[in-house]
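Q: Below are the structure tokens for one structure; questions will follow.
We did not get these values from a lab; they are worked out from the coordinates using the rules stated. Model, not experiment: these values are computed from the prediction. Neighbour counts run over all protein chains shown; Cβ positions are idealised from the backbone, glycine included.
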Amino acid sequence: MLLYPGFTALDLVGPQYFFACMLGATVHMVTTEHDLAPVKSDLGLAIVPTVTMANAPRDLDVLFVPGGTEGTMNAMQRKEVIAFVADRGSRAKHVTSVCTGSMILGKAGLLKGKHATSHWLARSVLTEFDAIPVDARFVTDGNVTTGAGVSAGLDFGIAVVEALRGKPYAASLMLQAEYHPVPPFAGGTLATTDPSVGAMMSEMFAPVAERFRAIAKAAD
């Protein structure tokens, strides 16, 4: 699980719960920085890494990348980060992300020809990586599984556990987590949110999407 400054904590913490609950699993928290100092999220929650990119295992069952905004854009422009993701992703059994983490996978060349998703604000940018955008909570295409924005990481995490250990095991962890969401009102997607709210949020985030698109198009 990749840690870079400015990642969105819930993108990572939701899946990490399900991954770490698998008996016998070893979850490596891989920092993009040069030491094992805590890595701060976009909203100030810091996570302690367990290994640097230089010392991370070469062959992985799962490569996971969380999303964010400014931090994700910065990570996309760091050659050593993209080289690490491309290298580990070339051999990982499962290449995965939540939210705009798919932008980093795309920049590393891991989404070509793949159906994939991302946070709604950046989903259309996936075409810049020769991926096929899908409006869904999570999407699996071959060995690539991508989750939509932030809270979708919970659904995503369960899906990855199912792929690794089977449905009964995943169902057991769902029950352990008492995962049965009942939101207080309809919303959370552009299709289910009041159009006036959706329009306001879309306008607010349009410049962010264009910045992701510009970085996607930029030469390496």
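Q: What pairs come out if I take residues in region 83-100 that are more than 17 Å from Val27 (Cβ to Cβ) and pair them with residues that are among the aromatic types (Phe, Trp, Tyr) whose C-beta lies under 8 Å away, six or more apart or interchain?
A: Thr100/Phe212
Q: Which residues, counting only those in region 64-79, are more than 23 Å from Gly157 (Cα to Cα), of a type outside the set (S, T, N, Q) and out of contact with any helix residue (DSSP H, G or I) (no Cβ under 7 Å at 6 or more places or on another chain)?
A: Glu70, Arg78, Lys79
Q: Can you tell which of Asp155, Asp141 is over 13 Å from the mean Cα position of the chain (by Cα) and either without any contact (Cβ under 8 Å) to a residue 60 or more places away in the chain or on the phi < 0 side of the Ramachandran plot (or both)? Can you show your working first?
A: Working: Asp155 fails: over 13 Å from the mean Cα position of the chain (by Cα).
After applying the criteria, what remains is Asp141.
Q: Mind listing whichever residues of region 38-85 are under 16 Å from the mean Cα position of the chain (by Cα), aliphatic (A, V, I, L, M) and loosely packed, with under 15 Cβ neighbours inside 10 Å?
A: none
Q: So, in region 5-28, exactly how many residues are part of a loop (DSSP other than H, G, I, E, B), under 15 Å from Gly67 (Cα atoms) and out of contact with any Lys or Arg (no Cβ under 8 Å at 6 or more places or on another chain)? Walk me through it before giving the result.
A: Looking only at region 5-28, we keep the residues that are part of a loop (DSSP other than H, G, I, E, B), and these are 5-6, 8, 21-28.
Narrowing further to those that are under 15 Å from Gly67 (Cα atoms): 5-6, 8.
With out of contact with any Lys or Arg (no Cβ under 8 Å at 6 or more places or on another chain) added as a condition, the list becomes 8.
Number satisfying all stated conditions: 1.
Q: Scanning for something surrounded by fewer than 17 Cβ atoms within 10 Å (Cβ to Cβ), more than 15 Å from the chain's Cα centre (by Cα) and not hydrophobic (A, V, I, L, M, F, W, C), does region 13-24 turn up at least one residue?
A: Within region 13-24, one or more residues are surrounded by fewer than 17 Cβ atoms within 10 Å (Cβ to Cβ), more than 15 Å from the chain's Cα centre (by Cα) and not hydrophobic (A, V, I, L, M, F, W, C).
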